[in-house]
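Shown next, in structure tokens, is the structure this report addresses.
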Number of protein chains: 2
Amino acid sequence: MGSESADKPATLADVARLAGVSQQTVSRVVNNTGPVATRTRARVSEAVGQLNYVPNRLAQGLARRRSHSIGFATNDIALHAPSQLTSGIERAAREVGYSLIVSIVPDYGLGSVTQTLRVLRERQVDGLLINASLSRADAAEIRRRFADVPCVFLDVPPGTPVHAALLDQRRGAVLAAEHLTRLGHTRIACIHAPQDAVAEHSRLQGWQDVLSNQGLSLVGQQEGDWSPASGYRATVALLASGVAFSGLLVGNDQMAVGALRALWERGLRVPGDVSVIGYDDTAESALLIPPLSTVRQDFPTLGRRAFHHLKALLDGQEPQTMPLTQPELVVRASTAAPDERPDWRTALKVLETHLTNR
Amino acid sequence: MGSESADKPATLADVARLAGVSQQTVSRVVNNTGPVATRTRARVSEAVGQLNYVPNRLAQGLARRRSHSIGFATNDIALHAPSQLTSGIERAAREVGYSLIVSIVPDYGLGSVTQTLRVLRERQVDGLLINASLSRADAAEIRRRFADVPCVFLDVPPGTPVHAALLDQRRGAVLAAEHLTRLGHTRIACIHAPQDAVAEHSRLQGWQDVLSNQGLSLVGQQEGDWSPASGYRATVALLASGVAFSGLLVGNDQMAVGALRALWERGLRVPGDVSVIGYDDTAESALLIPPLSTVRQDFPTLGRRAFHHLKALLDGQEPQTMPLTQPELVVRASTAAPDERPDWRTALKVLETHLTNR
DNA sequence: CTAAAAAATGTTAAGGCTAACAGTTGTGTG
DNA sequence: CACACAACTGTTAGCCTTAACATTTTTTAG
């Protein structure tokens, strides 16, 4: 007893033979579809257990024309957002018996996405979750090209006429920028990620809009690639450019790590000299030095919602457009009013501690 | 033109009809198997293009008894290691036409893993990559239960008689501990992750062995859960316990972030008062304050190797046991000799900068 | 006790593809 | 020109399930 595998895995036919019934009856028992006499059911169950029968989902998918799997096409899964998303999606899918085929979109660009989706479609996925940055036009094109598969997009401009589960990137950016302006900052620079990322474009836009509403504009802009190292380099470049700024908007928390570091190296205090605000609220952010003010995004929940939206589509419901998921401003110690004078007392106390300690 | 989808996707039969040949010939053209006359091939290709035929991988898998997909069972994919691994595995798989079904093992324990693998096997995956912490015995049990599917394990004790792709966790731990002892630290504490994680057990073991070789032992131990917050709490607990320590071994870089923070809050300088060394070398580590000494692990490469190992198994080769992948010590500024006196000059200079700046 | 309805079971034909073998056509050789 | 052999193409029988309908019980109502 115990070993779960015979030489060849058992099929419905094997079970049927052993139980002395037809395949169909076995199928009915296994899938709990249609009426089966209690005695028969018992006999079949017995046989199923004995042969250790497990259904072949490939054959099932072929016959049912429903594979009960969905495809998730995403850009670099090693990044914060995609990995968190995956976590939420997988969980939601697993809970209702769906499997997740993950495929990474290797480059930016429509062609790359199309190629990835094509492979997933060949696998007969029932639906597609697409976390690749797509312009309105590109999303429409994909919608057209893959019209036979329900799709939910995760990174398209708001208002794109497709099914989508989106974070309100613009709103988050506005929250961050308003936080700085409300504190009194007027000289604000930013580090944004590549603008071919749709979400990132919304953020930059949001920042700029807030500033121009106040009659301000960004005094400096640098582009990073999401990585801490790029945040560091961008900050160095910003400082080297000679423009003075007291507020720094950063496209994600990882780049903010690099920014904090660059400022620290120059002897610039955060928030005394420069207030820094990030985006994402990663697990590290609350524990950085100083704790990072940021905008919280709940990716696992977004993933879960995206899946449920897709599921509704698969079940033939026409779900209503999902409202943008709202991010949340998290104020920590990396931001403060710009005119705050250096806090002599604290500074001296810290030094004292350092010198006298041990 | 351009729309890729008819009402019902075309099948081999449709293409055959249009091209005026048999299904088998179309199959031969599409899969490039067996000889086909140039003229015929052209006619078939034409028909394929016209009908926009794409093969149905479900049916193909059923007929070939090979799904060309593999299952990846992993614990929390939102963590650093699993997400990096996934990235490497997916890439390697995609390059040779395999798809990846990702399934998260929701809890620790054999039952949970078995359940996850069962689902993947039902999907007829050709092989299994298993990144769940498994004891020698549990791994053997799984090997037995899933004897009909090739498996490669990613988190089992070295020497377990199964196919495995492993990092030399013990070696990495030894590197870290030796680094501290060599610097002259004698009072060393640690923060480790849950010991039901096999890899983590090797690390703790490695640390302890190095110390006992030197006639030392850990002066403090705390358990975290990989998160920065847990690293913070563990450090606070360590400090509260009253034991003095000048070296701190941390199970991963994320917890080290929390540790750095806790030390900083207490006015303890790193490395002046406490040297801290992490594990993983995440993208942030080089840019923390101070830059974190750590042990580098290349997960994407490990993932890639694991896949290739599995692939070899699938292709009927009996690949030789893979040597443990070696981690690498990365020395940065968070570690130094314990007897280094506070550097008054630097401290004063920093204060001066702070006060006079702007 | 019988007819009709309900329940239980079986049969047949797909679903889309490939393996294995069976033909057919064409080429080169003695 | 017949023969062997290669190149090409077709036929048949699965792979494992389910849908749809057909048939055989059983139950229920009259």
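The values are calculated or read from the model by the stated rules, or taken from the named source; none is laboratory data. Here the structure is a predicted model, which is why all the values come from computation and not from measurement. Here Cβ is always computed from backbone atoms with ideal geometry, including for glycine, and neighbour counts include all displayed protein chains. Calculation scope for accessible area: heavy atoms of the full protein, side chains included, ligands and nucleic acids excluded. Shrake-Rupley method; radii C 1.70, N 1.55, O 1.52, S 1.80 Å.
Which residue pairs have Cβ atoms closer than 7 Å, lie 6 or more positions apart in sequence or on different chains, and pair a first residue in the range B:9-28 that is without any contact (Cβ under 8 Å) to a residue 40 or more places away in the chain and within 10 Å of DNA strand D (Cβ to nearest atom) with a second residue that is hydrophobic (A, V, I, L, M, F, W, C) and open to solvent by 20 Å² or more (accessible area, probe 1.4 Å)?
Pairs found: B:GLN23/B:LEU12; B:GLN23/B:ALA13; B:THR25/B:VAL36; B:VAL26/B:LEU12; B:SER27/B:LEU12; B:ARG28/B:VAL36.
Is it the case that the range B:94-115 has a residue that's within 16 Å of DNA strand D (Cβ to nearest atom) and more than 26 Å from B:GLU200 (Cα to Cα)?
The answer is no, given that none of the residues of the range B:94-115 is within 16 Å of DNA strand D (Cβ to nearest atom) and more than 26 Å from B:GLU200 (Cα to Cα).
I'd like to verify a number: residues in the range B:42-90 that are within 16 Å of DNA strand D (Cβ to nearest atom) and assigned to a helix (DSSP H, G or I), how many?
Residues in the range B:42-90 being within 16 Å of DNA strand D (Cβ to nearest atom) and assigned to a helix (DSSP H, G or I): 15 in total.
All but one of (1) more than 21 Å from A:SER27 (Cα to Cα); (2) of a type outside the set (Lys, Arg); (3) not in a helix (DSSP H, G or I) hold for A:ALA93; state the number of the condition that does not hold.
(3)
State which residue is farthest from DNA strand C (Cβ to nearest atom) when the search covers only the range B:9-54 and only residues that are surrounded by fewer than 16 Cβ atoms within 10 Å (Cβ to Cβ) and closer than 20 Å to A:LEU120 by Cβ.
Among residues in the range B:9-54 that are surrounded by fewer than 16 Cβ atoms within 10 Å (Cβ to Cβ) and closer than 20 Å to A:LEU120 by Cβ, the one farthest from DNA strand C (Cβ to nearest atom) is B:ASN52.
Answer yes if at least one residue in the range A:324-333 is surrounded by 22 or more Cβ atoms within 10 Å (Cβ to Cβ) and either outside any loop (DSSP other than H, G, I, E, B) or among the hydrophobic types (A, V, I, L, M, F, W, C) (or both), and no otherwise.
no
Table: residues versus (1) within 10 Å of chain B (Cβ to nearest Cβ); (2) touching a residue at least 60 places away in the same chain (Cβ under 8 Å); (3) on the phi > 0 side of the Ramachandran plot.
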site	(1), (2), (3)
A:HIS68	yes, no, yes
A:LEU85	yes, yes, no
A:GLY88	yes, yes, no
A:ILE101	yes, no, no
A:LEU120	yes, no, no
A:VAL125	yes, no, no
A:ILE130	no, no, no
A:ALA139	no, no, no
A:ALA147	yes, no, no
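Kindly establish whether A:GLY267 is without any contact (Cβ under 8 Å) to a residue 12 or more places away in the chain, within 10 Å of chain B (Cβ to nearest Cβ) and in a loop (DSSP other than H, G, I, E, B).
Yes, satisfied.
Which residues, counting only those in the range A:224-251, are out of contact with any strand residue (DSSP E or B) (no Cβ under 7 Å at 6 or more places or on another chain), part of a loop (DSSP other than H, G, I, E, B) and surrounded by fewer than 19 Cβ atoms within 10 Å (Cβ to Cβ)?
Result: A:ASP225, A:GLY242, A:ALA244.
Sort out which residues of the range B:273-303 are closer than 20 Å to B:ASP225 by Cα, outside any loop (DSSP other than H, G, I, E, B) and under 14 Å from the mean Cα position of the chain (by Cα), and write them in order of number.
Residues satisfying the conditions are B:ASP280, B:ARG296, B:PHE299.
Identify all residues within the range B:185-207 that are crowded, with 18+ Cβ neighbours inside 10 Å and in a helix (DSSP H, G or I); write none if there are none.
Passing the criteria: B:VAL198, B:ALA199, B:GLU200, B:HIS201, B:SER202, B:ARG203, B:LEU204, B:GLY206, B:TRP207.
So which residues in the range A:103-114 are over 20 Å from B:GLN124 (Cβ atoms) and either in contact with a Lys or Arg (Cβ under 6 Å, 6 or more places away or on another chain) or within 10 Å of chain B (Cβ to nearest Cβ) (or both), if there are any at all?
Matches in the range A:103-114: A:ILE104, A:PRO106, A:THR114.
Of B:LEU62, B:LEU58, which residue is surrounded by fewer than 21 Cβ atoms within 10 Å (Cβ to Cβ), of a type outside the set (Ser, Thr, Tyr) and farther than 15 Å from B:LEU314 by Cα?
Within the list B:LEU62, B:LEU58, the selection yields B:LEU62.
Quick one: A:GLN124 ticks every box in (1) farther than 27 Å from B:ASP298 by Cβ; (2) part of a loop (DSSP other than H, G, I, E, B); (3) open to solvent by less than 50 Å² (accessible area, probe 1.4 Å) except a single one, so which number is it?
(3)
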